[in-house]
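Chemist: Got a structure for you, written out below as structure tokens; questions coming shortly.
The values are calculated or read from the model by the stated rules, or taken from the named source; none is laboratory data. Predicted model only: the values in this text are computed from it and were never measured. Neighbour counts are summed over all protein chains in view; Cβ atoms, including those assigned to glycine, are modelled from backbone coordinates with ideal geometry. Please note that ligands, DNA and RNA were not included when accessible areas were found on the heavy atoms of the full protein model with its side chains. Shrake-Rupley method; radii C 1.70, N 1.55, O 1.52, S 1.80 Å.
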Amino acid sequence: MGSNQISQTPLEKIGLSCSGGGYRAASYHLGAMSYLNKVSYNHKPLLENVKLISTVSGGTITGIVYALQKQEGKSFVEIYHFLLGKLQTLDLVKSGIEKLNPGAHWDNPGKHKNLINAFAEQYDLHFTKGATLSALDPMNAHLDAVVFNSTEFTNAVDFRFKNREWPFTGNFYNRIKNEVAAEIKLADAMASSSCFPGGFEPMIWPDDFVHKNAPNLKKLKESTTEVMGIMDGGIYDNQGIDAMLSYKASESTPYFDLVIVSDVASPYMEPYKPYAEKEKKGWRAFAVNEAYKKIAGYSKRVNTMLITIALIFFGLPFISGYDNNLWTGVSITLGILALFTYLLKLYVQSRLEKVKQKISDYLLKLEDNFLVKNLSQLKVGELSVHRAEPLIMDRLNSLISLLMNVFLKVVRRLNYKILYNNNNYTYRRISNLIKQLTEEDFNTNQKRRKQQGFSERLEKNSVLIGEYGDIISKEIGAIADEASSFGTTLWFTNDDKLNDMLEKLVVLGQVTMCYNLLWYLENLIYTDNIGFEALQPEVQKNILSTYEQCKNDWLEFNKVPDRLYKELAKLY
């Protein structure tokens, strides 16, 4: 089969990847999957033709819950409402932080007591209930394989949690034996995949994965002195594309008839703006050295004030002979508080001085370095704070933008190129992107498609070619604008709940999946010379049936975008 030809069974073997993005991702992917479950192909839900799920970060929450509960024989409606309920009510940050309080119950004393392991315990309690990777072997539903992606911090590559359908869990450098991998808790895989930088610390392999029912993991921990940090899968591949395309890969023909990438990551970012200089007045008018002296002077005054307050409040009860009354208690408490604040301030100052000294010692070691020699010519202490401030802030802001935006966008584009630069996937791919139904994205895509050209039959029969207002209703556009702008969090605030953000994300996932599947089928049916006419009559019939369902659903969604959401609510 040529690279410009469709598969002989276009909708039979489907690979689905679900990107990272916190609760935004988990909700949107749940909506996309609910539409795949709604539409049928050959008399069964199209979702049941998904043979592999590859997930990252927030997408791993949806992926693990779905795979595990399918193994347990649950229906899609049961899984859908279970996950919807958890996303609606569970504030992982609140419950996770509470686990870190002194005296709070810590289920696994072997785990480092930190925020990501607190989340892992919450995942275990609320989502997976102690299940391990062994629960996914053998797969007894429509899925053949699952992969939950994270990133390891020893070789800077992916670290994948997989069922036995794959050769091994881990990666090329760290091949985890099946008997060890089988003991990994799904909650720990979920936490590893979703612990995004800045919000969490890495999970430590193997230490943080050992539990009381894991003899092989325990032996591994005891037999090795090497540990490895594992974090968010989005650092390496936030879409899970690479793992999906590597499954049963061959040089000739792709394994999957169709690859669906459900993605809530935005291709856009706020442009970098230089730091806006503030007016040169007040403390900004001082030279750096002068400002430092001023701050040091204020610090001494604060010290004197705190000591004075402590002495006064410790001394006042002395006048009354330290009578056992409310005033004595309040006075001593305030004195202790002032003394504690003073001691804490001294401690912080001493730590800062040590850091300053370490930096100074380090720079002395580099005194022959070309850059350091030249930087030493800058008399920083004589600069005004007004002038030094943008020198610092511009570097800081550009670094943050690089790490949080530029780097992730570059990685995203590189992974999409794997899929879109391979002509074998020309008619085997769908990108289900969260912003596609916003006016900006729609117009950009329509312009690009027109430049590439349509076949005459496609342009004549498509219900998706035209102006934005003619194709996308105002109701869908409003939901797309609002839901696609929701941030990467692991909770919904009270304001989000009042604005029904969870519902809007699920609805947007449903509607966008319908839109993309319809566009894909229109191209299969109406693009000339790609092989549709050569398909078996039964296959053509099944594709046309699915196409008619998608077309009717799209027209209905334009009238009532939340129609499927409401239908599923009635089944609860």
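Chemist: Is it the case that some residue within region 325-348 is open to solvent by 90 Å² or more (accessible area, probe 1.4 Å), modelled with pLDDT under 80 and not β-branched (Val, Ile, Thr)?
Modeler: Yes: region 325-348 contains one or more residues that are open to solvent by 90 Å² or more (accessible area, probe 1.4 Å), modelled with pLDDT under 80 and not β-branched (Val, Ile, Thr).
Chemist: Taking region 185-202, which residues are assigned to a loop (DSSP other than H, G, I, E, B) and either buried (at least 24 other Cβ atoms within 10 Å of the Cβ) or among the small types (Gly, Ala, Ser) (or both)?
Modeler: If the condition is that a residue be assigned to a loop (DSSP other than H, G, I, E, B) and either buried (at least 24 other Cβ atoms within 10 Å of the Cβ) or among the small types (Gly, Ala, Ser) (or both), then 195, 198, 199 are the ones that fit.
Chemist: To continue, here is another question. For region 66-84, indicate whether the set of residues that are free of Cβ contacts under 8 Å to residues at least 60 places away in the same chain, open to solvent by 20 Å² or more (accessible area, probe 1.4 Å) and in a helix (DSSP H, G or I) is non-empty.
Modeler: Within region 66-84, one or more residues are free of Cβ contacts under 8 Å to residues at least 60 places away in the same chain, open to solvent by 20 Å² or more (accessible area, probe 1.4 Å) and in a helix (DSSP H, G or I).
Chemist: Could you say whether any residue in region 499-508 is more than 23 Å from residue 439 (Cβ to Cβ), in contact (Cβ under 8 Å) with a residue 12 or more places away in the chain and either crowded, with 19+ Cβ neighbours inside 10 Å or touching a strand residue (DSSP E or B) at 6+ places or on another chain (Cβ under 6 Å) (or both)?
Modeler: Yes, that holds for at least one residue.
Residue-by-condition table, conditions (1) open to solvent by 10 Å² or more (accessible area, probe 1.4 Å); (2) over 20 Å from the mean Cα position of the chain (by Cα):
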| residue | (1), (2) |
| --- | --- |
| 486 | yes, no |
| 490 | no, no |
| 511 | no, yes |
| 514 | no, yes |
| 518 | no, yes |
| 521 | no, yes |
| 524 | no, yes |
| 543 | no, yes |
| 548 | yes, yes |
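Chemist: Now for a different question. Determine whether residue 559 is surrounded by fewer than 16 Cβ atoms within 10 Å (Cβ to Cβ) and within 30 Å of residue 122 (Cα to Cα).
Modeler: It is false that residue 559 is surrounded by fewer than 16 Cβ atoms within 10 Å (Cβ to Cβ) and within 30 Å of residue 122 (Cα to Cα).
Chemist: Just checking, how many residues over region 460-477 are surrounded by 13 or more Cβ atoms within 10 Å (Cβ to Cβ) and more than 16 Å from residue 548 (Cα to Cα)?
Modeler: Qualifying residue count for the region: 8.
Chemist: Then there is this: Only residues that are open to solvent by 10 Å² or more (accessible area, probe 1.4 Å) and either without any contact (Cβ under 8 Å) to a residue 40 or more places away in the chain or closer than 23 Å to residue 237 by Cα (or both): list them for region 135-148, please.
Modeler: Listed by number, the residues that qualify are 138, 144.
Chemist: Are any residues in region 3-55 in a helix (DSSP H, G or I) and open to solvent by 10 Å² or more (accessible area, probe 1.4 Å), and if so, which ones? Quick ask: steps written out before the conclusion?
Modeler: Pass one, region 3-55, residues in a helix (DSSP H, G or I): 22-38, 46-49.
Matches in region 3-55: 24, 37, 38, 48.
Chemist: Just need a number here: residues in region 153-169 that are outside any loop (DSSP other than H, G, I, E, B) and surrounded by fewer than 24 Cβ atoms within 10 Å (Cβ to Cβ).
Modeler: 2
Chemist: Among the residues in region 427-437, are any free of Cβ contacts under 8 Å to residues at least 60 places away in the same chain and touching a helix residue (DSSP H, G or I) at 6+ places or on another chain (Cβ under 6 Å)? Let's see the steps before the verdict.
Modeler: Taking region 427-437 and keeping what is free of Cβ contacts under 8 Å to residues at least 60 places away in the same chain, we get none.
Taking every residue of region 427-437 in turn, none turns out to be free of Cβ contacts under 8 Å to residues at least 60 places away in the same chain and touching a helix residue (DSSP H, G or I) at 6+ places or on another chain (Cβ under 6 Å).
Chemist: Name every residue in region 233-242 that is closer than 12 Å to residue 54 by Cβ and open to solvent by 20 Å² or more (accessible area, probe 1.4 Å), in order of residue number.
Modeler: 238, 242
Chemist: Still on this structure, I have one more. So which residues in region 138-152 are out of contact with any helix residue (DSSP H, G or I) (no Cβ under 8 Å at 6 or more places or on another chain) and either assigned to a strand (DSSP E or B) or at pLDDT 95 or above (or both)?
Modeler: 144, 145, 152
Chemist: Answer yes or no as to whether residue 230 is outside any strand (DSSP E or B) and open to solvent by less than 70 Å² (accessible area, probe 1.4 Å).
Modeler: Values: outside any strand (DSSP E or B): no; open to solvent by less than 70 Å² (accessible area, probe 1.4 Å): yes.
For residue 230, the condition - outside any strand (DSSP E or B) and open to solvent by less than 70 Å² (accessible area, probe 1.4 Å) - is not met.
Chemist: Further question: Would you say residue 316 is in a helix (DSSP H, G or I), modelled with pLDDT under 80 and open to solvent by less than 90 Å² (accessible area, probe 1.4 Å)?
Modeler: Criteria met by residue 316.
Chemist: Can I ask one more? How many residues are hydroxyl-bearing (Ser, Thr, Tyr) and either free of Cβ contacts under 8 Å to residues at least 24 places away in the same chain or over 14 Å from residue 116 (Cβ atoms) (or both) if we restrict to region 149-197?
Modeler: 3
Chemist: Take residue 58 and decide whether it is open to solvent by less than 20 Å² (accessible area, probe 1.4 Å) and modelled with pLDDT under 95.
Modeler: Considered against the rule, which asks whether it is open to solvent by less than 20 Å² (accessible area, probe 1.4 Å) and modelled with pLDDT under 95, residue 58 comes out as yes.
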